[in-house]
Structures are given as structure tokens and as C-alpha cells.
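Structure, as C-alpha cells:
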């Protein structure tokens with residue numbers, strides 16, 4: 001999922017092709033739309049509830065449209081020997097962009113995708129068929145349940161890219177969930193997770209400091225650092241400064257990551273990004289709290305109590321005033 005639809009790569013010369021029409025369909029978790037990409041005859045963009053999710057080029061699966069997906073592609077390219085088949089677990093499926101990329105760049109890779117919305121998967125398979133000979137399985141199940149059921153040390157790469165609207169579901173943000181991904185990875189394996197960071201669309205440009213919209217991102221980094229020995233993040237400088245909302249990708253492993261090569265690759269992208277690690281990452285994280293299952297449960301209970309109190313205080317027949325300014 002991209003939280004910033006403007007961050008697509010530069011247009012490419014269009015290839016010849018017949019007319020194509022957008023496809024609209026109600027899926028299990030919202031309204032999906034497959035839209036032809038006018039820049040290429042075999043390229044499509046997936047939107048869910050109006051939010052851009054994936055870009056797929058059927059003729060060139062090695063082309064990664066959105067910048068955050070490109071960054072995850074970089075770590076897959078750099079952390080493992082070139083062309084070596086991988087075992088990959090994708091938490092969140094969308095249009096299966098990254099599974100297609102790995103099948104293309106690393107033939108023979110065995111991949112499992114956890115995508116709760118089976119209706120969306122059906123639409124993608126129907127309209128954007130997977131390549132012949134792929135070894136991609138899609139399981140219609142919750143991402144956490146799939147991660148926790150994975151055999152220990154069974155994957156080289158785990159990718160987390162699950163969103164409900166513009167936020168990651170809370171049960172996928174905790175230290176216990178991060179520990180499940182670490183357990184699923186073999187020694188030297190990499191966990192890559194995409195999160196949204198920065199001020200909300202309604203708040204405009206945020207000030208520096210505690211109101212810069214990065215609190216959740218800092219806690220996400222602190223949470224993953226509490227489980228993994230090696231962690232770095234990659235994002236555009238304006239996102240890291242809290243000046244614009246966008247995507248921030250966290251990479252983690254039990255062994256050193258290819259930080260120098262990854263930094264060069266991210267800096268050379270059409271929308272250059274910065275890698276933050278070591279002491280700079282510690283400063284970015286600051287004193288942000290680690291998210292735990294217990295904390296999520298407590299927050300949920302508090303929200304339920306507040307909602308119940310509001311409902312009791314609202315006169316019969318009257319609606320509670322919204323506080324979502």
C-alpha cells in the first residue's frame with residue numbers, strides 16, 4: 001500500500017496495445033478498482049477504497065512502480081546472492097507485485113502470500129494472471145495467524161505490507177508479532193515492513209517535534225529493534241522530517257544488513273530516499289515506547305469504555321458529535 005499516490009516512478013514510453021477499460025468490483029474488505037496505466041500497454045494500477053495499493057506490469061514483472069515497493073525490491077536484490085531462489089512470506093497481497101518480482105528475478109522461489117481478502121485475490125488472478133511456472137501460493141487468512149503458524153527458520157524474506165485504510169492493523173504492530181516474524185526467518189533472513197508516517201492529510205504541514213506525525217513510526221522502529229539485532233529504515237527526507245506523509249520501510253535481521261549498498265540504491269531512485277541506521281536511528285527513535293499486545297488490548301478496552309460512555313451520554317434520537325476534525 002502506498003500512502004502517497006504521487007510517488008510513482010517517471011513515465012515510460014508507452015508500448016502498443018489495444019484499448020483497455022478499468023474494472024470495478026466490490027471485494028470482501030472494500031471497493032477495488034483495476035485501472036490501466038497509460039504509461040504502458042500491459043501495466044495496471046490497483047486501488048482499494050480509492051487508496052493506491054499496487055502497480056503491475058504484466059510484460060515486465062521486474063518493473064516496480066511505487067517507490068516503497070522498489071525499496072523492498074532493493075533489499076531482496078542486495079541481501080541475498082543474485083538469482084538465488086528464495087523462500088518468501090508476504091503478509092498482505094494486493095496485486096501480488098513483489099511475488100511476481102521475485103518469481104521473475106529469482107526463478108524457482110517458493111512464496112506464500114497471506115491475503116485476507118479472497119475476493120480481491122480472485123479479481124487479481126482473473127485480470128492479472130500470474131506467470132506460468134510460478135511457485136506462489138495465496139492463503140486467505142489473517143497475516144498474524146499465518147506468521148505464527150510458520151515453521152521455525154523456514155523463510156529467507158518476510159514482507160509486511162498490510163493496511164486497513166491508511167493504517168496497519170494494531171495486532172500487526174506489536175513486539176509479539178515481530179517475534180513471530182523473527183521466528184519464521186532463517187539466520188540471516190530479512191524482515192521488511194512498510195508503514196505510513198508523517199502528518200495526516202487533514203493536518204497539512206506538521207511542525208517539528210512531538211506533533212510531526214512520526215510518533216507511530218518511532219514506536220514501530222522501537223518495537224522492531226526490541227526483537228531484531230540489526231535494523232535500519234529507508235524513507236524520503238521530507239517524510240523523515242515529518243513535513244509530508246508517505247511511506248517508511250523498516251528492514252530488520254539478526255545479522256548485518258547491506259546498508260551501504262542499500263543506501264546507494266535508495267539515493268539513486270527517481271525519488272531519492274535516505275537510509276537511517278546506527279546512532280542516527282537511535283536518535284530518530286528517541287524514547288518511543290515499544291508496542292505490545294497488552295498495550296493494544298488496554299487501548300482497545302479504553303476506547304470501548306469511552307464509546308460506551310459517549311453512547312450513554314447521548315440523548316435518545318440524537319447523534320454524538322464527531323471529534324474527527
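The values are calculated or read from the model by the stated rules, or taken from the named source; none is laboratory data. Being a predicted model, the structure only gives us computed values, none of them experimental. So basically every Cβ, Gly included, is an ideal-geometry build from the backbone, and we count neighbours across all protein chains shown.
Reported count of residues in segment 78-92, each being over 23 Å from residue 50 (Cα atoms), in contact (Cβ under 8 Å) with a residue 12 or more places away in the chain and either over 16 Å from the mean Cα position of the chain (by Cα) or assigned to a loop (DSSP other than H, G, I, E, B) (or both), is 8. Residues that are part of a helix (DSSP H, G or I) and closer than 21 Å to residue 120 by Cβ within segment 165-177 comprise 171, 172, listed in sequence order. Of 146, 113, 75, 162, all but one fail to be in contact (Cβ under 8 Å) with a residue 12 or more places away in the chain and assigned to a strand (DSSP E or B); the exception is 113. Quick check, is residue 95 in contact with a strand residue (DSSP E or B) (Cβ under 6 Å, 6 or more places away or on another chain), under 26 Å from residue 236 (Cα atoms) and either surrounded by 20 or more Cβ atoms within 10 Å (Cβ to Cβ) or free of Cβ contacts under 8 Å to residues at least 40 places away in the same chain (or both)? Here the answer is yes, as residue 95 does meet what is asked.
Any idea which residue in segment 165-174 is nearest to the chain's Cα centre (by Cα), counting only those that are surrounded by fewer than 19 Cβ atoms within 10 Å (Cβ to Cβ) and in contact (Cβ under 8 Å) with a residue 60 or more places away in the chain?
Of all residues in segment 165-174, those surrounded by fewer than 19 Cβ atoms within 10 Å (Cβ to Cβ) come to 165-167, 169-171.
After this cut, where a residue has to be in contact (Cβ under 8 Å) with a residue 60 or more places away in the chain as well, the list is 165-166, 170-171.
Details: 165: 12, 166: 10, 170: 14, 171: 15 Å.
Looking at the filtered set, the residue picked out is 166.
Scanning segment 98-114 for residues that are touching a strand residue (DSSP E or B) at 6+ places or on another chain (Cβ under 8 Å) and either modelled with pLDDT under 95 or closer than 11 Å to residue 61 by Cβ (or both) returns 98, 99, 100, 102, 103.
Scoring residue 60 on the criteria (1) modelled with pLDDT of 90 or more; (2) under 30 Å from residue 169 (Cβ atoms); (3) assigned to a loop (DSSP other than H, G, I, E, B) leaves a single failure, condition (2). Residues in segment 282-292 that are surrounded by 17 or more Cβ atoms within 10 Å (Cβ to Cβ) and either at pLDDT below 95 or assigned to a helix (DSSP H, G or I) (or both): 284, 285.
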